[in-house]
Amino acid sequence: MDEIAKRIRSLLLPYKHGVLLSALESEYRGMIGENIPFRQLGHSTLLSLLKSIPDKVTTQRLPKGGGTIVGAKTEAATKHSADRVRAQK
């Protein structure tokens with residue numbers, strides 16, 4: 001679980017405003033070569049998995065059925081690095 005959480009967080013770091021939940025699945029598959037294994041980790045949905053790791057990611061529901069935005073939670077120790085990664089994008 002920790003490894004998956006780290007992968008998801010690192011994938012989200014370049015996106016200052018986060019990404020749509022549906023885009024996260026595609027990005028992960030493109031980077032890792034497989035889907036996010038949320039069912040194998042005991043979750044019925046990807047959103048459920050993401051909500052179980054609030055120390056790594058944030059989730060925000062958009063109004064009027066606009067979807068869910070997922071972002072990386074930046075830690076004080078890694079904020080500088082995250083800012084540099086975002087600047088490269």
Inset, instruction - Select from region 76-89 the residues that are among the polar types (S, T, N, Q) and outside any loop (DSSP other than H, G, I, E, B) and write down the one among them that is modelled with the lowest pLDDT. - result: SER81
Inset, instruction - Test ILE36 against the stated conditions and say whether it is more than 15 Å from GLY71 (Cβ to Cβ), aliphatic (A, V, I, L, M) and more than 13 Å from the chain's Cα centre (by Cα). - result: no
Inset, instruction - Grab the helices (runs of 4 or more DSSP H) fully contained in region 1-75, keeping just those with 3 or more residues being over 20 Å from ALA87 (Cα atoms), touching a Lys or Arg at 6+ places or on another chain (Cβ under 8 Å) and at pLDDT 95 or above. - result: none
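So that you can scan it fast, the table gives a plain yes or no per residue for (1) open to solvent by less than 70 Å² (accessible area, probe 1.4 Å); (2) of a type in the set (D, E, K, R):
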site	(1), (2)
ARG29	no, yes
ILE32	yes, no
ASN35	no, no
PHE38	yes, no
LEU49	yes, no
SER52	yes, no
ASP55	no, yes
LYS64	no, yes
GLY67	yes, no
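The values are calculated or read from the model by the stated rules, or taken from the named source; none is laboratory data. Source: prediction; values computed, not measured. Heads up, the Cβs are rebuilt from the backbone with ideal geometry, glycines too, and the neighbour counts pull from every protein chain shown. Protein only, heavy atoms only, side chains kept; ligands, DNA and RNA dropped before computing areas. Shrake-Rupley method; radii C 1.70, N 1.55, O 1.52, S 1.80 Å.
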